[in-house]
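Engineer: Let me give you the structure first, and then I'll get to my questions.
Bear in mind these aren't lab numbers, they're just calculated from the coordinates by the rules spelled out. Bear in mind that the values here come from a model prediction, so they are computed numbers and not experimental data. No Cβ is skipped: glycine too gets one built from the backbone with ideal geometry, and neighbour counts run over all protein chains shown.
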Amino acid sequence: MGLMIIVLALQTGCAGSPLRSDFDGASYGNASLQKDVIRTARGLLGSPYKYGGTTPAGFDCSGFVNYVYRTAAGLSLPRMTHDLVRFGKPIRAGRLQPADLVYFKIEHQKPLHVGIYLGNGRFIHAPSARGKVNIQSLNQDYWKTRFLGARRVI
């Protein structure tokens, strides 16, 4: 009995704090799968940017999206952003749900950029400009003026 209490205490101590919810309280059809995608993406925060990268050792934007969906949902998405932008169902910005893909037009660099919508107006992505997977607001002028659209893949 004493050993069981020690084991339980150790497991509880390793559990850490609960994942901060990105969901806005609405009920979504694939909530469990969406949460898995968001949890996996958030677990990669701080991973470095690497052109052509497809692993936590370094991601580009589509490599990040691909890795997250393959790991969290078992889905194999197109690798290139110009193919990925045609994958799934197009949705309006006002209908965004967590785990939707969001696309942007970036001048003078890659023609397209992709990230994963988290909820509450935020998305996670692997940008070359800041060099690490991070979270941004869709309401920032930079992203708002470059927003192209969104697609639902789950």
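Engineer: Put +1 on the Cβ of each Lys and Arg and -1 on the Cβ of each Asp and Glu in the stretch 28-152; which of 58, 119, 94 then has its Cα farthest toward the positive end of the dipole?
Structural biologist: So the residue furthest toward the plus end is 94.
Engineer: List every residue whose amide H lies under 5 Å from the amide H of residue 53, counting only residues 5 or more places away in sequence or on a different chain, with H placed 1.01 Å from N in the peptide plane.
Structural biologist: Residues meeting the criterion, in which the H sits 1.01 Å from N, are 60.
Engineer: Can you report the principal axis dimensions of the stretch 81-135 using only the alpha carbons, biggest first, rounded to whole angstrom?
Structural biologist: 29, 23, 15
Engineer: Summing Lys, Arg as +1 and Asp, Glu as -1, what charge do residues with Cβ under 12 Å from the Cβ of residue 154 carry, residue 154 excluded? Spell out each step's value before the answer.
Structural biologist: Details: positive: 35, 89, 151, 152; negative: 36, 100.
Every neighbour counted, the sum reads +2.
Engineer: Using the Kirkwood formula on the Cα atoms of the stretch 28-152, what hydrodynamic radius do you get, in angstrom to one decimal?
Structural biologist: On the way: mean 1/r = 0.0709 Å⁻¹.
Kirkwood radius, the stretch 28-152: 14.1 Å.
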